[in-house]
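Here the structure comes first, spelled out in structure tokens, and everything after it is commentary.
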Amino acid sequence: MRDVAVIGVGMTKFGELWEQSLRDLITEAGMKAIADANLSGSDIDGAYVGTMSAGKFVGQEHIAPLVVDMAGLSNTHIPAVRVEAGDASGSVAFREAYLAVASGAHELVIAGGVEKMTDVSSSQMVNIQSTSCDQEWEAFFGASMSSLYGMMARAHMHRYGTTREQLAAVAVKNHANGVLNPNARFKFPIKPEDVLKAGMVADPLTTYDCAPASDGAAAVILCSMERARKFTDKPIRIAASVQASDTIALHDRRDICTMDSVVLAAKKAYAQAGITAEKVNLAEVHDAYTIGEIMAIEDLGFAEKGKGGIAAASGETALTGRIPINTSGGMKARGHPLGATGIAQIIEIVDQLKGRAGGRQVKDAKFGLAQSVGGTGATAVVNILEGGL
Amino acid sequence: MTVPRFWREIPQRYNLIGSKCGSCGTVDFPPRTICPHCRRKSIGKMEDIKLSGKGEIVSYSIVREAPEGFEIQVPYAMALIKLDDGPTLTAQIVDCELEEVKIGARVEAVFRRIQEESKSGVIYYGYKFQLAMPQVK
Ligand SMILES: [Zn+2]
């Protein structure tokens with residue numbers, strides 16, 4: 001396996017984008033990534049696109065060749081692969097692209113992610129989001145994705161003494177970061193009481209504990225590290241890319257306060273990168289729900305198990321803290337277009353490692369980590385990127 | 001969204017039938033055709049087992065933004081229930097005040113209407129759980 005680099009990135013704004021269709025979104029993101037990498041486009045020899053549920057949201061399947069077609073590349077006839085892994089679809093697309101280049105099977109690959117979510121009704125949205133849970137034995141009985149995360153939150157509070165205020169601190173921090181991100185959906189600060197007093201979605205989670213369903217797309221370009229310097233003087237190396245799985249249903253897990261898939265992926269990723277959690281300078285983690293971020297920082301080794309809430313409330317994970325988490329604003333403030341999220345996380349890490357993250361820049365960052373979860377943890381992906389090479 | 005036809009005809013939903021591995025004795029619900037512990041050794045040795053339907057709440061949440069088909073039931077309690085027989089499942093807790101739903105509470109299975117498909121009027125049945133009667137000592 002050879003070393004692989006990210007040489008270009010591009011994304012749309014995330015939000016409720018009435019005027020843009022799914023194809024408009026992914027084409028815009030892809031074109032920006034191609035321009036960022038100083039390519040013409042015709043040198044790309046493979047495409048991977050993550051989308052969770054384009055068929056249910058906009059009635060379109062067979063997304064991958066469509067995307068290549070819309071980018072004006074149909075005459076290159078390159079293989080185009082759609083990847084689906086719940087809301088980890090983008091991260092898995094990224095990993096598939098990485099493996100394609102690392103193995104030598106492909107030279108220059110684009111990995112994208114897209115979701116056009118806001119055209120459906122709110123109860124349809126609840127249904128579609130829960131399709132990455134067990135449909136026959138969770139959703140059939142009335143469980144929504146929010147209620148399953150609500151159960152994780154309730155168990156974490158019961159066992160470790162995690163509080164509603166600590167959950168709220170995650171949302172407050174991510175909004176503060178979102179203010180500094182031009183591509184974020186929510187660019188306004190919030191207070192703890194805004195989270196605590198918002199309407200309940202699934203106790204103990206309020207609207208402000210949940211990332212907003214959004215429209216958006218993101219794309220990155222990968223090639224071998226060896227070739228990367230032809231395109232950029234700041235190639236970002238993929239130091240590790242690891243994926244793990246677990247039972248589809250939350251009720252079959254060993255423990256609902258730990259995602260074993262994340263723990264395992266992180267352990268393998270640190271080994272592949274040859275580093276420990278202490279060497280990571282910043283991380284983008286799966287905060288589809290605030291409890292998700294608290295469990296993530298524990299499972300990734302940034303906080304002791306059960307102390308994630310304390311870490312969030314004490315400022316350790318803030319932009320200026322010991323380990324800045326979700327500098328982009330996370331899914332909470334940047335927005336969560338399911339398939340696009342994993343790629344957007346990679347873009348934030350790349351921008352940080354290149355020193356072009358503007359007002360939210362983390363100083364002298366060398367290693368950045370992106371962690372993504374599909375459903376309630378049946379898929380987990382951990383990618384570690386290295387800059388300053 | 002319509003519920004796929006094969007879902008309606010899952011009898012385990014009505015009578016809480018799980019599977020027991022003939023090799024290691026592990027009980028699973030929903031029933032499995034292969035034991036995750038014994039894998040190949042368990043093939044052909046998985047037996048049906050009727051579960052007691054008694055258990056304890058592991059965690060819960062109150063659903064206030066419902067999926068399609070459940071809108072008229074909100075707010076309702078969803079819980080993970082660890083059955084005395086071993087497996088854990090997901091179900092609604094009914095016939096009580098929402099404040100009475102607690103981690104550690106003893107519950108037992110009842111059979112109820114689960115959801116109604118508004119377009120076709122088809123009704124789906126299955127298990128829900130209620131708080132167990134306090135034991136007289
Ligand atoms: Zn067995």
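Structure summary
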| read-out | value |
| --- | --- |
| Residues located in the range A:7-55, provided they are touching a Phe, Trp or Tyr at 6+ places or on another chain (Cβ under 9 Å) and closer than 22 Å to A:PRO235 by Cα | A:ILE7, A:GLY8, A:ALA37, A:ASN38, A:LEU39, A:TYR48 |
| Residues that are open to solvent by 70 Å² or more (accessible area, probe 1.4 Å) and either at the interface with another protein chain (Cβ under 10 Å from one of its Cβ atoms) or under 14 Å from B:LEU16 (Cα atoms) (or both), drawn from the range B:112-137 | B:ARG112, B:TYR125 |
| Identity of the residue in the range B:66-92, modelled with pLDDT of 95 or more and away from every other protein chain (no Cβ under 11 Å), that ends up farthest from A:THR207 (Cα to Cα) | B:ASP85 |
| Unmet criterion (only one of (1) surrounded by fewer than 17 Cβ atoms within 10 Å (Cβ to Cβ); (2) small (Gly, Ala, Ser); (3) within 13 Å of chain A (Cβ to nearest Cβ)) for B:ALA109 | (1) |
| Number of the exception - B:ASP85 against (1) under 23 Å from B:MET133 (Cβ atoms); (2) away from the ligand (no atom under 16 Å from the Cβ); (3) open to solvent by 20 Å² or more (accessible area, probe 1.4 Å) | (2) |
| Leading residue by the ranking (surrounded by the most Cβ atoms within 10 Å (Cβ to Cβ)) among those in the range A:39-82 that are under 21 Å from A:TRP18 (Cα atoms) and of a type in the set (Ser, Thr, Tyr) | A:THR51 |
| Residue among A:GLY41, A:GLY8 that is more than 15 Å from A:GLY339 (Cβ to Cβ) and either under 19 Å from the mean Cα position of the chain (by Cα) or in a strand (DSSP E or B) (or both) | A:GLY8 |
| Residues (open to solvent by less than 10 Å² (accessible area, probe 1.4 Å) and acidic (Asp, Glu)) located in the range A:310-363 | A:GLU348 |
| Residue that is farthest from B:ALA91 (Cα to Cα), among those in the range B:16-33 that are open to solvent by 60 Å² or more (accessible area, probe 1.4 Å) and modelled with pLDDT under 95 | B:THR33 |
| Within the range A:280-298, tally of residues that are closer than 20 Å to A:GLY86 by Cα and either modelled with pLDDT under 95 or touching an Asp or Glu at 6+ places or on another chain (Cβ under 9 Å) (or both) | 10 |
| Matching entry among A:VAL382, A:VAL362, A:VAL285, A:VAL350 (being over 27 Å from A:ARG229 (Cβ atoms) and of a type outside the set (D, E, K, R)) | A:VAL285 |
| Scope the range B:37-48; condition surrounded by fewer than 17 Cβ atoms within 10 Å (Cβ to Cβ) and either more than 9 Å from the ligand (Cβ to nearest atom) or more than 18 Å from B:ILE17 (Cα to Cα) (or both); matching residues | B:HIS37, B:ARG39, B:ARG40, B:LYS41, B:ILE43, B:GLY44, B:GLU47, B:ASP48 |
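Results for (1) modelled with pLDDT of 95 or more; (2) farther than 20 Å from A:MET125 by Cα; (3) more than 11 Å from chain B (Cβ to nearest Cβ); (4) open to solvent by 20 Å² or more (accessible area, probe 1.4 Å), shown as yes or no for each residue.
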{"residue": "A:GLY150", "(1), (2), (3), (4)": "yes, no, no, no"}
{"residue": "A:HIS156", "(1), (2), (3), (4)": "yes, yes, no, no"}
{"residue": "A:GLY161", "(1), (2), (3), (4)": "yes, yes, yes, yes"}
{"residue": "A:VAL170", "(1), (2), (3), (4)": "yes, yes, yes, no"}
{"residue": "A:ASN174", "(1), (2), (3), (4)": "yes, yes, yes, no"}
{"residue": "A:ALA184", "(1), (2), (3), (4)": "yes, yes, yes, no"}
{"residue": "A:VAL195", "(1), (2), (3), (4)": "yes, yes, yes, no"}
{"residue": "A:SER214", "(1), (2), (3), (4)": "yes, no, yes, no"}
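The values are calculated or read from the model by the stated rules, or taken from the named source; none is laboratory data. If you're wondering where the values come from, they're calculated on a predicted model, not measured in any experiment. Note that we place each Cβ from the backbone using ideal geometry, even for glycine, and neighbour counts take in every protein chain shown. Just the protein is used for accessible areas: all its heavy atoms, side chains included, with ligands, DNA and RNA removed. Shrake-Rupley method; radii C 1.70, N 1.55, O 1.52, S 1.80 Å.
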